[in-house]
C-alpha cells in the first residue's frame, strides 16, 4: 500500500513538473543561435536603423508627440520600452506595423514588414534586439514571453 502511494505521488509530481515546463516555454524553441542574431543584426541595419538608430537609440524626443500627434521612433536599447513587450507583441508590431491611436493621421507610424520580411527574419530581428537589453530586462521580457509566444509560423 505504501509503495502504491509512493508510485502515485511520483506520477503526479512528474505530471506537474511536465506541465510547469511546458507552461514555462517547454514548447518554445531553444535560445537563438549566433547565426540568427547576426542575421537579425544585418536586417536591423538594413530595415530599421534609419528610424530606430544604428545602435537602437531611437529618435531624440521619442516620448513627445509631434504636430501630427505622432511619436518619433522609440529606442530599442535599454532606455526604451521594447523589452517590456512579449515576443508575440513585438512580432505582430513588426509584421503588421503600428498606428498610434492618438495620431491625427491614418497612416501607420511603424510600417508593416509582412511583405518584406519572412516570419523567421522577423524573429531574427527580435533576437537581435534582445542583445541590446540589460540581463535584467531580458529576464523580465522572457517571463512576459512565456505567456505570449511567437506565433506558429515563426517558431
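Can you tell me, using C-alpha contacts under 8 Å and at least 6 residues apart, the relative contact order of segment 49-106 as a whole percent?
Numbers: 66 pairs, mean separation 16.6, N = 58.
It rounds to 29 percent for segment 49-106.
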Seminar exercise, completed: Taking the alpha-carbon centre of each part, the distance from segment 47-78 to segment 128-155 in Å is 21
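We did not get these values from a lab; they are worked out from the coordinates using the rules stated. Since the structure is predicted, the reported quantities are computational estimates derived from the model, not experimental observations.
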